[in-house]
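Chemist: Supplied in structure tokens, the structure appears directly below.
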Amino acid sequence: MSVRVRRVYEPPEAEDGVRVLVDRLWPRGLAKEAARVDEWPKAMTPSTELRRWYHAGEGSYEEFARRYEAELAAGEAAELLDHVRALAEEGPVTLLTAAKTWEESHAAVLLRLLG
């Protein structure tokens with residue numbers, strides 16, 4: 001499987017494969033045509049409550065990752081994670097995020113779970 005993470009603001013590349021936006025909110029200032037997003041599985045993104053909790057600095061990245069994995073373990077989020085995993089088995093998948101430091105974001109959790 002080939003899964004990687006890139007900032008959504010970077011221009012698309014031929015080797016991106018399926019481009020999956022993994023942010024709940026559309027990136028500011030980015031035209032949809034320029035982003036060339038193939039899929040946007042909002043239910044697979046961190047819940048609004050978890051996202052606000054983490055961005056408020058109330059907990060560690062490790063705790064955020066643990067809580068996010070719990071959200072991904074059930075319901076529509078689990079189905080979408082399986083769908084993206086299936087896409088990755090067929091060819092390259094690029095997870096797109098607006099996060100400046102994606103290494104300590106939900107995108108890193110997804111990369112680990114999909115990789």
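Chemist: Mind computing the radius of gyration and Dmax over the alpha-carbon atoms of the stretch 3-114? Å is fine for both.
Modeler: According to the Cα coordinates of the stretch 3-114, Rg and Dmax are 13.4, 39 Å.
Chemist: Just flag the chymotrypsin sites (Phe, Trp or Tyr not before Pro) in the stretch 26-73 sitting in loop per DSSP whose Cβ has no more than 16 other Cβ atoms within 10 Å. Intermediate results must be reported in sequence, preceding the final value.
Modeler: Numbers: sites: Trp53, Tyr54, Tyr61, Phe64, Tyr68; in loops: none.
Here no loop site has a sparse enough neighbourhood.
Chemist: For the chain, which span is the longest to avoid every loop-located (per DSSP) member of GluC sites (Glu not before Pro) having at most 16 other Cβ atoms inside 10 Å?
Modeler: My reading of the result: 59-115 is the longest stretch.
Chemist: Using DSSP, restrict attention to beta bridges with both residues in the stretch 3-114 and report what percent are antiparallel, rounded to the nearest 5.
Modeler: Taking every DSSP beta bridge with both residues in the stretch 3-114, the antiparallel ones total about 0 percent.
Chemist: Could you put Met1, Met44 in order, starting from the residue whose Cβ has the fewest other Cβ atoms within 10 Å?
Modeler: Fewest-to-most Cβ neighbours within 10 Å comes out as Met1, Met44.
Chemist: Please give the Cα centre distance for the stretch 100-115 versus the stretch 33-98, rounded to the nearest Å.
Modeler: Measuring centre to centre over Cα atoms gives 8 Å.
Every read-out reported here was derived from the displayed coordinates using simple, explicitly stated rules and does not represent laboratory data. Because the structure is a prediction, the values reported are computed rather than measured. Cβ sites come from the backbone with ideal geometry, for glycine too, and all protein chains shown count toward neighbours.
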